[in-house]
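The values are calculated or read from the model by the stated rules, or taken from the named source; none is laboratory data. Because the structure is a prediction, the values reported are computed rather than measured. Don't worry about glycine lacking a Cβ; one is built from the backbone with ideal geometry, like all the others, and counts go over all protein chains shown. Ligands, DNA and RNA are stripped out before the accessible areas are found, and what is left, the full protein with its side chains, is counted by its heavy atoms. Shrake-Rupley method; radii C 1.70, N 1.55, O 1.52, S 1.80 Å.
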Amino acid sequence: MTTLYKLTDANDRTHGGCQWGKNVEHVTDGDGELCAPGYTHWYTDPLLAVLLNPVHAGFDLATAHLWEGEGTIAKTDCGLKVGCMRGKTLRRIPLPEITAVQRIAF
């Protein structure tokens with residue numbers, strides 16, 4: 001298992017209303033592409049979760065939650081996000097603070 005990170009909305013949900021929380025695990029079938037229902041979507045670093053939010057999820061970062069979790073990576077898109085067929089959120093962690101200069105550099 002690899003330590004991974006998941007960004008959720010204020011109600012701890014992701015795309016399609018998928019519910020997450022402390023020790024919540026989802027198992028999928030691995031069918032299709034990375035952003036298909038066959039995988040749950042994760043990041044390998046908390047900074048990536050926040051920096052890629054505008055293009056991947058579009059959550060309001062003022063109310064979003066960041067979860068540390070674990071999973072076995074089954075697919076990747078060059079390291080920006082990864083997909084797991086089994087993944088579990090373990091605990092909520094603070095969102096990293098990112099400056100405007102850091103966002104521009106990214």
What lysines could a cross-link reach from residue 75, if we take a straight Cα to Cα line under 19 Å and drop same-chain neighbours fewer than 8 places away?
6, 88
With the contact rule set at Cα under 8 Å and sequence spacing of 6 or more, what percent relative contact order holds for the chain?
37 percent
Show me 76-83, 65-72, 28-35 ranked by packing, highest mean number of other Cβ atoms within 10 Å first.
65-72, 76-83, 28-35
So residue 62 and residue 92, fully extended at 0.36 nm per residue minus their Cα-Cα distance, gain in nm 9.3 nm
Order 104, 93, 73 by their accessible area, 1.4 angstrom probe, all chains in place, largest first.
104, 73, 93
Electrostatic dipole magnitude of the chain [Cβ: Lys, Arg +1; Asp, Glu -1; Cα centre; debye, to 20]:
180 debye
Over the range 15-99, with every protein chain in place, what whole percent of the accessible area is carbon and sulfur at 1.4 Å, could you tell me?
54 percent
Non-local residues with an amide H under 5 Å from the amide H of residue 73, with H modelled 1.01 Å from N and Pro and chain starts lacking one, are 2
Can you give me the orientation-averaged projected area of the convex hull built on the Cα atoms of the range 28-70, in nm²?
3.5 nm²
Listed candidates [x] 64, 25, 18; [y] 40, 28, 24; [z] 52, 32, 23 - label of the one calculated as Cα extents along the principal axes in Å:
[y]
